[in-house]
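**Q** Sharing a structure here in structure tokens format.
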Amino acid sequence: MRRHGGRYGSDGVDGGQGEAVRVPQAQGTLVKLPVGPDSALLPALLTLSDVFATGHHAAITAGVDERTAVTVVGDGAVGLSGVLAARRLGAERILLLGRHKDRTDLGREFGATDVVAERGAEGIARVRDLTGGDGTHAVLECVGTADALATALGVVRVGGTISRVGVPQYGEGPVGPDMFMRGVTLTGGPAPARAYLEELLPDVLDGRVEPGRVFDRLVTLDEVPDGYRAMADREALKVLIRP
């Protein structure tokens, strides 16, 4: 982050004559990694500040453990990270709702035991069928649309938990009497990525998990707009920027 030679103080500001990059709360947010700038682990390490930490947050707040059956709504980078996180926590069964085969194939490699391509009422019915009519203990909603929330409410079992980590694109949702009477917990929110770092970092460094596999396209700074377009058009799952 430093150019032309200067040094950084504790607040992350260049103290020399070069261009400065200010890092708010640098003493608490910057982490020195035990790898070099050309390490093959950099993509995986990058996900610890982004999608893998978010998927882990979804799994943690949903109470996923070795006795849990989980439904993951969404086959984007966060959804696939949710699959990987649930598997890491020992979930016995993980159902991934997605219809892009290249993504769901990666989801299976990450630990999904079942893939449900159907959407809406058909998708809910399929999950119910696969779980003996009960639904799953935990649902990780990794999309953020009203339809995704409705699906999550449709597949969660009585007394189960839905964790929303997809940023809501709606102001109201179906969270009325049915959810109340079924005792469903709704949780989630933004991931405190820094708080999870010490727990997740060793597994990435040791290669026990490989969340960096969600990156499937590399772009330069000049190509960033093309990267965004590729993700918007579902031509890329997650884009990695190399300066």
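The values are calculated or read from the model by the stated rules, or taken from the named source; none is laboratory data. Quantities reported herein were computed from a predicted structural model and do not represent experimental measurements. Virtual Cβ from ideal backbone geometry, glycine too; neighbours counted across all protein chains shown.
**Q** Does any residue in the range 166-178 that is closer than 10 Å to Leu149 by Cα come within less than 8 Å, Cβ to Cβ, of a residue that is among the aliphatic types (A, V, I, L, M) and assigned to a loop (DSSP other than H, G, I, E, B) six or more places away or on a different chain, and which pairs are these?
**A** Gly166/Val143
**Q** Looking at the range 77-94 only, could you name the residues that are surrounded by fewer than 24 Cβ atoms within 10 Å (Cβ to Cβ) and either β-branched (Val, Ile, Thr) or under 15 Å from the mean Cα position of the chain (by Cα) (or both)?
**A** Within the range 77-94, Arg87, Arg88, Leu89 meet the criteria.
**Q** A further question on this structure: Is at least one residue of the range 159-180 at pLDDT 95 or above and touching a Leu at 6+ places or on another chain (Cβ under 6 Å)?
**A** yes
**Q** Another one. Looking at Val184, Val204, Val165 in this structure, which one is surrounded by 15 or more Cβ atoms within 10 Å (Cβ to Cβ) and under 14 Å from the mean Cα position of the chain (by Cα)?
**A** Exactly one of Val184, Val204, Val165 is surrounded by 15 or more Cβ atoms within 10 Å (Cβ to Cβ) and under 14 Å from the mean Cα position of the chain (by Cα), namely Val165.
Residue-wise test of (1) under 22 Å from Lys238 (Cα atoms); (2) part of a loop (DSSP other than H, G, I, E, B).
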| residue | (1), (2) |
| --- | --- |
| Asp38 | yes, yes |
| His56 | yes, no |
| Thr71 | yes, no |
| Gly90 | no, yes |
| Leu95 | yes, no |
| Arg108 | yes, no |
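**Q** Looking at the range 67-76, is at least one residue under 14 Å from the mean Cα position of the chain (by Cα) and without any contact (Cβ under 8 Å) to a residue 40 or more places away in the chain? Break it down into steps so the answer makes sense when it comes.
**A** Residues of the range 67-76 that are under 14 Å from the mean Cα position of the chain (by Cα), as a first pass: 71-76.
Cutting the leftovers down to without any contact (Cβ under 8 Å) to a residue 40 or more places away in the chain gives us 75.
Yes, the conditions are met somewhere in the range 67-76.
**Q** Another question about this same structure. Please work out if Thr161 is without any contact (Cβ under 8 Å) to a residue 60 or more places away in the chain and of a type in the set (Ser, Thr, Tyr).
**A** No: the conditions fail for Thr161.
**Q** Tell me, which helices (runs of 4 or more DSSP H) lie completely within the range 124-242 with 2 or more residues that are farther than 23 Å from Ser39 by Cβ?
**A** In the range 124-242, 146-155, 177-181, 224-232 are the helices (runs of 4 or more DSSP H) which contain 2 or more residues that are farther than 23 Å from Ser39 by Cβ.
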